[in-house]
Structure formats: structure tokens, C-alpha cells
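Peer 1: One structure coming up, written as C-alpha cells, with questions to follow.
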Amino acid sequence: MVEKIINLEDLPIAEFMGVHNKNINEVITAFPKSKIISRGNEIKIIGNLLEVQRISDVIDTLQIYFHKYGYLDDKYVRSILSSDELATQDGLTPAEGGTGSSAAADDDIILHGNKGIIIKARTLNQQKIVKGIRENDLMFVLGPAGTGKTYISVALAVRALKNKEIKKIIITRPAVEAGESLGFLPGDLKEKIDPYLRPIYDALEDMIPAEKLKYYYENNVIEIAPLAYMRGRTLHGAFILLDEAQNTTAMQIKMFLTRMGNNCKMVVTGDSSQIDLPRNQKSGLVEATKILKGIPGIAQIELDKKDVMRHKLVERILEAYENEQKKNE
């Protein structure tokens, strides 16, 4: 028997544990052979080494989720515990990761990331993204902020790399000012745009161990660059993601789409309600989705506020803005 203590000092304990300790009780029920004691800001786990590690991984995953979205509910806890059982059927703990038979057992699971985090499609529309990229070489994913369109797309790229379906990942965004001036930022174009690419770096850090990620960056296995850097290239054996595509012009998105070489997968994500282009300029994303609709091999998935995976208030905020827009119209 081994004993492990997990300190939760940086979390609001009452919210993390849930109403009447529902969240932690779900974990206790799932591991009847072990003893799980919650006192103050600490959780003590007593049991055999393998099970203690599994429980620790589950709690780490719940902490990551809470830090990311600001809340935790028993439904999500149950989904993690269910995924954990799937991951251990082949003798793998979530911390060991892998996208082999355990992932194949449940199409919702995309991959196992760092610290036991399980990345899965959690809504029907997110599941359509997974299916869409499996069945098509080019996919447009449209939806408001917080729906997971970028995060899921990055996870699918990482899974393809781990499974050796592709040789490299290329992620790009247009260098468009979102109410702030890029000109006064220090450095070259890439250095100026890097802060705008931070969500992608954060997603990759969730999914790939730090040392391996550093190796991928240094050897151009994973390349993150402004859209301007794509001009003149033909890309083979790559998973290519264009994020924030609502801020491309018609010529830019056409240039990007025609970079596709052999054995490529392309995902284009964007939110047509957050266009930062000058008023007299049309969004290339809006135009491309109309022109390319219905072409075999190209999928279009639309997410909505029901797919929002951030704090529960985000869905209400989006709804309030939609209602205000309807009034103005």
C-alpha cells in the first residue's frame, strides 16, 4: 500500500469538490479499492501503486480543466472516469498516453495529453469535426469563441503526427491587427505575431511533453508562422491548420488553399462574427465557404453557443450579444 497527498491550495475548494462534494464523491465511487480522504485543501490517496497513480492522474486532469474553464461538474468528472477506464484496458495509464486501441475504442477520444489530460470531442459538433477530417482532406470549421474549434483541430494534427499519418504540422494565422497596432511591437513579423499565436502554443503544451515539443520546434516538425510565410510553398505530407481565417482576404485564403500537396490534411477555422478586416474588405473565409460548398472532399462544420467549453458565463454572454444584434437589425 502506498500513500499520496495532493495539495489543492491554488483552487477554490468548495467549487472544485462540487455541491455536497459531488465531484470528489464520483472519484471515490469509481475506485472502491482505494481510500480517498478530502480534508481542507488536501486530498489523501491510499491504495496500491497503480491505482493511486490512476487516481492522481484523474485529479490532475480535473485541476487542469478547472483552471482552463473556471468550473467543474459531476458530468465532466464521470466522462473523465469513463475515459480513464478505457485508457487502462490495455495496461496504459492516461499519463502514458498513446492513441492506439484505447482511443479506437471510443471515437470521442482524440489523444491523451500531458499530466493525464484526456482530449476528446465533448459535443456532437466536435465529434463531426473528428469524423470530417477522417473522411475529407479539407475542412472548414466555423463557430464562436470557446467552442473548441482550434483546440480540437490542433489535437487532430498531433494525433496524426503521433500515428505517423503525416510528417509535419504547420499552423498559421493572418497577421491582422485586432484593435491594436502590430507596428509598435518589437521584432520581425513572426515575433510581432507570436503573441497572437499564444492559444496554439498553449494547446500544444497540453498535448506534447516539453522536451519533445522543443525537439519538434527546432527540427521544423511543428511549424507555427504568420500566413504571409506560406506564399510560394507547396506542402506535402503535412497537417496544415489556418486559424482565425475570418481575417483573411479572398486572395490570401486562395493562396493558402492552393498550398496543398500530396498526402495533406487541411483545416480552416474561423468566426465570421469577429472579422477585424477594414470595413470595405470582404472576408476570404466567408467567400471561400460559399464558393467551395458541396465539393467532394471538402467538409464544412458549424459550431454554435451550445458547443462552448469555456466558463458557463461565456455561453450567456454570446447569447446576450446575439440578442442585441437581432434588436439592432
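The values are calculated or read from the model by the stated rules, or taken from the named source; none is laboratory data. The structure displayed is predicted, hence computed values, not measured ones. Neighbour counts run over all protein chains shown; Cβ positions are idealised from the backbone, glycine included. All accessible areas refer to the heavy atoms of the entire protein, side chains included, with ligands and DNA or RNA removed. Shrake-Rupley method; radii C 1.70, N 1.55, O 1.52, S 1.80 Å.
Peer 1: What number of residues in segment 23-64 are within 13 Å of L81 (Cβ to Cβ), out of contact with any Ser or Thr (no Cβ under 9 Å at 6 or more places or on another chain) and of a type in the set (D, E, K, R)?
Peer 2: Adding up the residues that qualify gives 1.
Peer 1: Right, I166: assigned to a loop (DSSP other than H, G, I, E, B), open to solvent by less than 50 Å² (accessible area, probe 1.4 Å) and modelled with pLDDT of 90 or more or not?
Peer 2: Details: assigned to a loop (DSSP other than H, G, I, E, B): yes; open to solvent by less than 50 Å² (accessible area, probe 1.4 Å): yes; modelled with pLDDT of 90 or more: yes.
The answer is yes for I166.
Peer 1: Could you grab the pairs with beta carbons closer than 6 Å, sequence gap of 6+ or different chains, first residue in segment 27-48 and free of Cβ contacts under 8 Å to residues at least 60 places away in the same chain and farther than 11 Å from I6 by Cα, second one acidic (D, E) and open to solvent by 80 Å² or more (accessible area, probe 1.4 Å)?
Peer 2: Here the result reads I46/E3, each pair linking segment 27-48 to a residue that is acidic (D, E) and open to solvent by 80 Å² or more (accessible area, probe 1.4 Å).
Peer 1: Applying the selection to segment 1-50, what residues are hydroxyl-bearing (S, T, Y) and surrounded by fewer than 14 Cβ atoms within 10 Å (Cβ to Cβ)? First the steps, then the outcome.
Peer 2: Within segment 1-50, the subset hydroxyl-bearing (S, T, Y) is 29, 34, 38.
Correct list: T29 only.
Peer 1: Which residues, counting only those in segment 115-136, are in a loop (DSSP other than H, G, I, E, B) and farther than 29 Å from I59 by Cβ?
Peer 2: Matches in segment 115-136: N136 only.
Peer 1: In this structure, is Y229 of a type in the set (F, W, Y) and modelled with pLDDT under 90?
Peer 2: Yes, satisfied.
Table: residues versus (1) hydroxyl-bearing (S, T, Y); (2) part of a helix (DSSP H, G or I); (3) modelled with pLDDT of 60 or more.
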| position | (1), (2), (3) |
| --- | --- |
| L156 | no, yes, yes |
| I171 | no, no, yes |
| G179 | no, no, no |
| L182 | no, no, no |
| P186 | no, no, no |
| K190 | no, yes, no |
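Peer 1: Does A175 meet the test of being open to solvent by 40 Å² or more (accessible area, probe 1.4 Å), out of contact with any Cys (no Cβ under 9 Å at 6 or more places or on another chain) and at pLDDT below 90?
Peer 2: Numbers: open to solvent by 40 Å² or more (accessible area, probe 1.4 Å): yes; out of contact with any Cys (no Cβ under 9 Å at 6 or more places or on another chain): yes; at pLDDT below 90: yes.
Yes; evaluated as a whole, the condition is true for this residue.
Peer 1: Right, next: If I filter segment 316-327 for residues that are free of Cβ contacts under 8 Å to residues at least 12 places away in the same chain and open to solvent by less than 70 Å² (accessible area, probe 1.4 Å), do I get at least one hit?
Peer 2: yes
Peer 1: Quick one: in segment 292-302, which of the residues that are in contact with a helix residue (DSSP H, G or I) (Cβ under 8 Å, 6 or more places away or on another chain) and either among the β-branched types (V, I, T) or open to solvent by 70 Å² or more (accessible area, probe 1.4 Å) (or both) is nearest to I133 (Cα to Cα)?
Peer 2: I301
Peer 1: Another question, if that's okay. Return only the number of the condition from (1) assigned to a helix (DSSP H, G or I); (2) in contact with an Asp or Glu (Cβ under 7 Å, 6 or more places away or on another chain); (3) open to solvent by 10 Å² or more (accessible area, probe 1.4 Å) that Q53 does not satisfy.
Peer 2: (2)
Peer 1: Just give me the residues in segment 271-287 being touching a strand residue (DSSP E or B) at 6+ places or on another chain (Cβ under 7 Å) and under 16 Å from M251 (Cβ atoms), in sequence order.
Peer 2: Once the filter is applied, which keeps residues that are touching a strand residue (DSSP E or B) at 6+ places or on another chain (Cβ under 7 Å) and under 16 Å from M251 (Cβ atoms), segment 271-287 yields only L285.
Peer 1: Of the conditions (1) under 19 Å from the mean Cα position of the chain (by Cα); (2) buried (at least 20 other Cβ atoms within 10 Å of the Cβ), K305 satisfies every one except a single condition; which number is it?
Peer 2: Status for K305: all satisfied but (2).
Peer 1: Across segment 137-154, what is the total count of residues that are open to solvent by less than 30 Å² (accessible area, probe 1.4 Å), at pLDDT 85 or above and part of a loop (DSSP other than H, G, I, E, B)?
Peer 2: The total comes to 4.
Peer 1: Inspect segment 299-314 for any residue being more than 28 Å from Y65 (Cα to Cα), free of Cβ contacts under 8 Å to residues at least 12 places away in the same chain and in contact with a strand residue (DSSP E or B) (Cβ under 9 Å, 6 or more places away or on another chain) and give the result as yes or no.
Peer 2: no
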